[in-house]
Structure formats: structure tokens, C-alpha cells
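One structure coming up, written as C-alpha cells, with questions to follow.
The values are calculated or read from the model by the stated rules, or taken from the named source; none is laboratory data. Here the structure is a predicted model, which is why all the values come from computation and not from measurement. All Cβ positions, glycine included, derive from the backbone under ideal geometry; neighbour counts span all protein chains shown.
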Amino acid sequence: MWTDECQKNFQVIRDLLQKPPILTMPISNGLFKLYSDTSRTATGSSLFQVQDGREYLVAYHSKTLPRSVVNFTVSELELVGLHINIEAFRYLLKPNHFECIVDHSSLVQIDKSKSQAPTSRMNRVLEKLSEFYFSLAYMKGTSLVICDFLSRYGPTTDDVATCPYQPTSNNRMNMMISCQQL
């Protein structure tokens, strides 16, 4: 039965969906910022672009981690998750310098640390990431709300949920399917 409380909650949800953060189309110039977070089961990211001096949300991404990474250390998991998230937006990020924001401070220091060298697993991922031109920055995990949610409550199967901007011939259908998975 539809009550006044249901109607009130529906109005709140409808109003929130009509206000920022609303997804924006990327433009050719403007710094991209990829916020990334990884849990033991999944990784999630949100891609923003600086346009007219403000950050606008361009896309979300969430993917269940492969079973092969179950025994990885936290640093290795975060780096693998970052790689998955960067690859998800390769078509936007590859030609540009971009900034990655993570909640794991040791990733930011990975190439500067003389006392603790990266593991062989990390070196393999770093080699794959070397084709991209980006900088790493640290932000407290409590500030990465969207990514944290996507990394913990991401896809329930081994598939990917990306919303939306995928440059394909079937773009409208992909956006609808992807958004429903989120």
C-alpha cells in the first residue's frame, strides 16, 4: 500500500536524481581525476573531469576481483584494483595526463620508498601501468564515499558495471544495461 511516507521518500529520491552529481559528457580538454578504492572482493572507481574550474562526474566503474587475488596483500590488492579501474577508462585516460586518488597511502610512496621495495606482483602491475601518464594522490578512505560503496557493494557476479560513457555503436543499450547493474 502506498502511504504518505512512501510518497515523501519517492519525492526525495526523485529530487536527488535530478540534482548534481549528474553525469557529464567528457570534453577534450580538462584534467581527469580517477578516484579508486578496492576491497577484498571488488574494486570501484568514479571518474571526474575538471571543467570550468569544477569537478564533474563522468562515469562510475565497479568490478568483482578475480579469485586469483584472494591471498594478495592490501597494497597489492589496491594496486591491482587501480589497474583495473584505469583500464576501464583507457579510452579517455590514455592520451592525457590524469590524477589518481587512492585511500592507501603506501601506493603514493611506492616508487619513493627505499626501505621497502615493491613485490614482484606489484612490479608486474606497475609495468602495465607504465604506459599511462598519471600522478597518484592520497585521500582518506572516508572521503571516497562513491568508490567505497562500489568496491563493497559492486557487481554480485564476475561481471562489470560501468556507467555510462562507453564509445560503442550500441551506446544507448550499453548505458541502460550498465546502469541497471549498479
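Specify which of the listed residues (Ser178, Ser151, Ser143, Ser120) is surrounded by 15 or more Cβ atoms within 10 Å (Cβ to Cβ), of a type in the set (S, T, N, Q) and modelled with pLDDT of 80 or more. Walk me through it before giving the result.
Numbers: Ser178 fails: modelled with pLDDT of 80 or more; Ser143 fails: surrounded by 15 or more Cβ atoms within 10 Å (Cβ to Cβ); Ser120 fails: surrounded by 15 or more Cβ atoms within 10 Å (Cβ to Cβ).
Exactly one residue qualifies, and that residue is Ser151.
Which residues, counting only those in the range 69-128, are within 24 Å of Gln49 (Cβ to Cβ) and among the charged types (D, E, K, R)? Show your work before the answer.
Narrowing the range 69-128 to residues within 24 Å of Gln49 (Cβ to Cβ): 78-79, 81-104, 107-108, 128.
Those that are within 24 Å of Gln49 (Cβ to Cβ) and among the charged types (D, E, K, R): Glu78, Glu87, Arg90, Lys94, Glu99, Asp103, Lys128.
Restricting to the range 8-57, give me the number of residues that are part of a strand (DSSP E or B), touching a residue at least 12 places away in the same chain (Cβ under 8 Å) and not aromatic (Phe, Trp, Tyr).
So the count comes out to 16.
A follow-up question, please. Spot the failing condition for Gly53; the list is (1) within 18 Å of the chain's Cα centre (by Cα); (2) within 27 Å of Thr24 (Cβ to Cβ); (3) small (Gly, Ala, Ser), and only one is missed.
(1)
Of the residues in the range 76-107, how many are outside any helix (DSSP H, G or I), modelled with pLDDT under 90 and either within 22 Å of Thr64 (Cα to Cα) or polar (S, T, N, Q) (or both)?
3
Only one of (1) within 22 Å of Pro26 (Cα to Cα); (2) assigned to a loop (DSSP other than H, G, I, E, B); (3) not polar (S, T, N, Q) fails for Ile146. Which number is that?
So Ile146 meets the others, but not (2).
Still on this structure, please answer the following. Take Lys112 and decide whether it is modelled with pLDDT of 55 or more, among the basic types (Lys, Arg) and farther than 23 Å from Ser62 by Cβ. Show your work before the answer.
Details: modelled with pLDDT of 55 or more: yes; among the basic types (Lys, Arg): yes; farther than 23 Å from Ser62 by Cβ: yes.
Yes: the conditions hold for Lys112.
I need the full set of residues from the range 63-75 which are out of contact with any Leu (no Cβ under 7 Å at 6 or more places or on another chain) and in a helix (DSSP H, G or I), in order please.
Arg67, Ser68, Val74, listed by residue number.
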